[in-house]
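Trainee: Quick one: the structure is below, and I'll ask about it shortly.
The values are calculated or read from the model by the stated rules, or taken from the named source; none is laboratory data. Owing to the predicted nature of the structure, the values given are computational and were not obtained by experimental measurement. Quick reminder, even Gly has a Cβ in these numbers, built from the backbone with ideal geometry, and neighbours come from all protein chains shown. Just the protein is used for accessible areas: all its heavy atoms, side chains included, with ligands, DNA and RNA removed. Shrake-Rupley method; radii C 1.70, N 1.55, O 1.52, S 1.80 Å.
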Amino acid sequence: MIGRFYKSGAAARNESPEVNDDILPSGSELSEPSPAEMLNGANDISENGKTGFSFVETRVNLHRYLLDKLNLGMIDRLERSELADQIRPMVREYVRSINAAFNARELDELILDTTDEILGLGPIEPLLKDDTVADILINTHERVYVERFGQLEETPIRFKDEAHLLRIVNKIVSGVGRRIDESSPTVDARLADGSRVNIAIRPIAVDGPLVSIRKFSRRPFTLERLVEANAMADVMKQFLSLAVKARVSLIVSGGTGSGKTTMLNALSSQISFKERLITIEDAAELQLQQPHVGRMETRPPNIEGRGEVRQRELVKNSLRMRPDRIIIGEVRGEEAFDMLQAMNTGHEGSMTTIHANGPRDAISRLEQMIGMAGMPMTLSSIRNQIASAIRLIVQVQRLADGSRRVTSISELTGTEGDVVQIQEIYRFRKTHIDSDNKVIGEFRATGIRPRFLEELAEIGVTMSGDSFEPNRAL
């Protein structure tokens with residue numbers, strides 16, 4: 001086993017000094033890098049002489065060290081226990097060389113974690129387990145960035161080469177029954193934990209594979225957590241909670257990375273557990289807590305160009321499944337027409353997200369999408385359809401400091417002529433940027449009382465009038 005598992009001779013080393021600066025010449029031979037050399041001088045020495053590491057940093061550097069020693073082609077043929085036995089002496093050697101203070105339990109944990117990383121998604125496994133990381137962005141095998149607390153930062157993580165990264169890419173896409181190659185160089189997929197993945201490879205990714213991973217939160221966001229994170233005011237939370245419980249159909253609008261799916265998940269937590277929900281997504285990532293949920297996911301065409309299942313077909317099919325509400329991860333095209341039809345025919349309280357920079361932009365995008373359905377409708381009838389189906393638009397935005405806010409909650413009140421009427425109920429007003437470059441602002445009510453509250457009052461559902469007092473900081 002050992003003879004098959006380890007690389008030998010030149011295969012154990014990267015032959016190009018330009019590619020691997022840790023390979024040092026020794027006479028006329030190239031000597032193997034030591035574990036300490038693999039650290040690239042990145043670690044600090046503590047007062048007691050021990051090398052100062054975080055556990056995650058040690059795993060990252062250890063993984064890089066092992067990549068130069070392991071035969072990657074054999075890894076997938078090994079059982080977990082076999083791999084752990086093979087790398088155990090190498091891990092011990094590495095820990096001794098860096099003078100790290102790990103006890104026996106921590107050393108066993110390091111071996112098991114490293115085994116999982118090698119058998120899993122390689123160098124990025126520690127990032128997938130790090131709850132502070134929201135996004136993982138791989139720019140070819142040479143650069144890996146993460147987003148923490150709204151800010152991008154580069155990590156020391158690297159893949160051995162492009163072939164190593166492609167091996168991880170193929171492991172991701174094959175796990176969800178999808179493919180990626182030169183004829184189909186992009187794919188949307190998801191990891192086993194539900195994290196959303198987008199991948200692009202050559203020839204459209206000029207310098208090498210590009211991978212974006214939007215991590216799946218292990219602790220689902222609720223409206224209460226969004227208030228704690230200062231994404232909205234408590235009064236706004238009460239208002240949205242009431243709207244969802246009262247089966248008000250709504251759209252969450254925002255740009256890329258603004259928190260649309262997070263908001264949709266939080267809003268869905270207010271739906272009664274007695275209702276039957278159907279979700280429709282390109283890559284399943286919604287975290288609904290209700291017991292009665294049917295999840296559906298689109299499917300791309302196969303290698304022969306057949307078998308594609310689009311969102312529009314899923315929306316039509318969902319109407320035959322007796323849903324109380326339909327939740328679409330994001331509307332992007334012709335399925336918008338079928339979604340509005342569902343909202344207008346007994347599926348009130350349905351919701352979705354849309355890419356748009358504001359409520360008015362969201363309506364314009366919906367108009368364009370309905371036009372893509374090819375239905376013989378005038379612009380006036382399209383706008384009437386939108387105004388009668390959707391009651392609220394929740395606008396979310398990622399601010400300059402990386403924080404996310406609900407910047408507007410608006411009600412659609414009908415049409416006047418050919419114009420959809422929108423009235424803003426709540427807004428976020430920026431006031432200044434502090435010395436730490438944080439955006440400072442306040443949530444305010446506009447003074448307009450939503451019309452649908454009058455309808456709810458008829459069934460005994462009310463909300464305090466103070467919640468809509470104009471120009472009062474919430």
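Trainee: Which condition from (1) part of a loop (DSSP other than H, G, I, E, B); (2) modelled with pLDDT of 95 or more is the one that SER410 breaks?
Mentor: Result: SER410 fails condition (1) only.
Trainee: Condition test on ARG472, is it closer than 26 Å to GLY150 by Cβ and either of a type in the set (A, V, I, L, M) or free of Cβ contacts under 8 Å to residues at least 40 places away in the same chain (or both)?
Mentor: no
Trainee: Given (1) outside any loop (DSSP other than H, G, I, E, B); (2) farther than 29 Å from ALA373 by Cβ; (3) out of contact with any strand residue (DSSP E or B) (no Cβ under 9 Å at 6 or more places or on another chain), identify the lone condition not met by ARG219.
Mentor: (1)
Trainee: Among the residues of the stretch 271-296 satisfying the criterion of being among the charged types (D, E, K, R) and under 20 Å from HIS347 (Cβ atoms), which is modelled with the lowest pLDDT?
Mentor: So in the stretch 271-296, the residues among the charged types (D, E, K, R) come out as 274-276, 281-282, 285, 295.
Now restrict to residues that are under 20 Å from HIS347 (Cβ atoms): 274-276, 281, 295.
Numbers: LYS274: 94, GLU275: 96, ARG276: 96, GLU281: 91, ARG295: 94.
Looking at the filtered set, the residue picked out is GLU281.
Trainee: Among (1) buried (at least 16 other Cβ atoms within 10 Å of the Cβ); (2) at pLDDT below 95, where does THR352 come up short?
Mentor: (2)
Trainee: Another question about this same structure. Filtering the stretch 79-100 down to residues that are outside any helix (DSSP H, G or I) and closer than 16 Å to THR58 by Cβ, which residue is most open to solvent (accessible area, probe 1.4 Å)? Lay out the reasoning, then the answer.
Mentor: The initial filter retains those residues of the stretch 79-100 that are outside any helix (DSSP H, G or I), namely 79, 99-100.
Checking the rest, the ones that are also closer than 16 Å to THR58 by Cβ come to 99-100.
On the way: ASN99: 64, ALA100: 16 Å².
Selected residue: ASN99.
Trainee: Taking the stretch 362-418 on its own, how many of its residues are hydroxyl-bearing (Ser, Thr, Tyr) and more than 19 Å from VAL248 (Cβ to Cβ)?
Mentor: Looking only at that region, the number is 6.
Trainee: Take the residues in the stretch 425-448 that are in a strand (DSSP E or B) and among the basic types (Lys, Arg); name whichever of them is nearest to ARG383 (Cα to Cα).
Mentor: Going residue by residue through the stretch 425-448, those that are in a strand (DSSP E or B) are 425-433, 439-445.
Applying the additional criterion that residues be among the basic types (Lys, Arg) yields 427, 429-430, 444.
Numbers: ARG427: 24, ARG429: 29, LYS430: 32, ARG444: 29 Å.
Here the residue is ARG427.
For every residue, the table says whether it meets (1) crowded, with 23+ Cβ neighbours inside 10 Å; (2) closer than 19 Å to LEU453 by Cβ.
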| position | (1), (2) |
| --- | --- |
| SER241 | no, yes |
| LEU250 | yes, yes |
| SER253 | yes, no |
| MET263 | yes, no |
| SER268 | no, no |
| ILE278 | yes, no |
| ALA283 | no, no |
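Every residue, every condition in (1) buried (at least 16 other Cβ atoms within 10 Å of the Cβ); (2) outside any loop (DSSP other than H, G, I, E, B); (3) at pLDDT below 95, yes or no:
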{"residue": "ALA400", "(1), (2), (3)": "no, no, yes"}
{"residue": "ARG405", "(1), (2), (3)": "yes, yes, no"}
{"residue": "GLN423", "(1), (2), (3)": "no, yes, no"}
{"residue": "PRO450", "(1), (2), (3)": "yes, no, yes"}
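Trainee: Considering only residues of the stretch 299-318 that are out of contact with any strand residue (DSSP E or B) (no Cβ under 9 Å at 6 or more places or on another chain) and not in a helix (DSSP H, G or I), which is most open to solvent (accessible area, probe 1.4 Å)?
Mentor: Among residues in the stretch 299-318 that are out of contact with any strand residue (DSSP E or B) (no Cβ under 9 Å at 6 or more places or on another chain) and not in a helix (DSSP H, G or I), the one most open to solvent (accessible area, probe 1.4 Å) is ARG306.
Trainee: On to the next question. What about VAL331, is it closer than 23 Å to LYS430 by Cβ and crowded, with 23+ Cβ neighbours inside 10 Å?
Mentor: Details: closer than 23 Å to LYS430 by Cβ: no; crowded, with 23+ Cβ neighbours inside 10 Å: yes.
When the stated conditions are applied, VAL331 does not pass them.
Trainee: For MET321, work out the one condition from (1) part of a helix (DSSP H, G or I); (2) touching a residue at least 24 places away in the same chain (Cβ under 8 Å) it doesn't fulfil.
Mentor: The failed condition is (1).
Trainee: Can you tell me which condition ASP116 does not meet? The list is (1) at pLDDT 90 or above; (2) acidic (Asp, Glu); (3) touching a helix residue (DSSP H, G or I) at 6+ places or on another chain (Cβ under 7 Å), and all the others hold.
Mentor: Of everything listed in (1) at pLDDT 90 or above; (2) acidic (Asp, Glu); (3) touching a helix residue (DSSP H, G or I) at 6+ places or on another chain (Cβ under 7 Å), ASP116 misses just condition (1).
Trainee: For VAL227, are the conditions met, namely being without any contact (Cβ under 8 Å) to a residue 60 or more places away in the chain and more than 19 Å from the chain's Cα centre (by Cα)? It would help to see each step written out before you state the result.
Mentor: Working: without any contact (Cβ under 8 Å) to a residue 60 or more places away in the chain: yes; more than 19 Å from the chain's Cα centre (by Cα): yes.
Yes; evaluated as a whole, the condition is true for this residue.
Trainee: Report the residue count in the stretch 84-93 for those that are of a type outside the set (S, T, N, Q) and more than 18 Å from PRO126 (Cα to Cα).
Mentor: So the answer is 6.
Trainee: In the list VAL227, VAL187, which residue meets the criterion of being over 26 Å from ILE271 (Cα atoms) and of a type outside the set (Asp, Glu)?
Mentor: On inspection, the qualifying residue turns out to be VAL187.
Trainee: Which of the residues that make up the stretch 351-370 are in contact with an Asp or Glu (Cβ under 9 Å, 6 or more places away or on another chain) and under 26 Å from ALA283 (Cβ atoms)?
Mentor: THR352, THR353, ILE354, HIS355, MET369, ILE370
Trainee: A further question follows. Restricted to the stretch 195-214, and to residues that are touching a residue at least 24 places away in the same chain (Cβ under 8 Å) and in a strand (DSSP E or B), which residue is surrounded by the fewest Cβ atoms within 10 Å (Cβ to Cβ)?
Mentor: Only one residue tops the list, namely SER212.
Trainee: Looking at the stretch 101-153 only, could you name the residues that are open to solvent by 10 Å² or more (accessible area, probe 1.4 Å), more than 17 Å from THR256 (Cα to Cα), in a strand (DSSP E or B) and in contact (Cβ under 8 Å) with a residue 24 or more places away in the chain?
Mentor: Selection gives ASN139 alone.
Trainee: Going by what's in this entry, would ILE433 be described as without any contact (Cβ under 8 Å) to a residue 24 or more places away in the chain, farther than 30 Å from GLN341 by Cα, surrounded by fewer than 16 Cβ atoms within 10 Å (Cβ to Cβ) and touching a strand residue (DSSP E or B) at 6+ places or on another chain (Cβ under 9 Å)?
Mentor: No, not satisfied.
Trainee: Would you check if GLY371 is touching a residue at least 24 places away in the same chain (Cβ under 8 Å), of a type in the set (Gly, Ala, Ser) and either open to solvent by 20 Å² or more (accessible area, probe 1.4 Å) or part of a loop (DSSP other than H, G, I, E, B) (or both)?
Mentor: no
Trainee: Of all residues in the stretch 154-192, which are in a strand (DSSP E or B) and either surrounded by fewer than 14 Cβ atoms within 10 Å (Cβ to Cβ) or among the aromatic types (Phe, Trp, Tyr) (or both)? First the steps, then the outcome.
Mentor: First pass over the stretch 154-192, keeping only residues in a strand (DSSP E or B): 154, 181, 184, 186-190.
Matches in the stretch 154-192: GLU154, ASP181, THR186.
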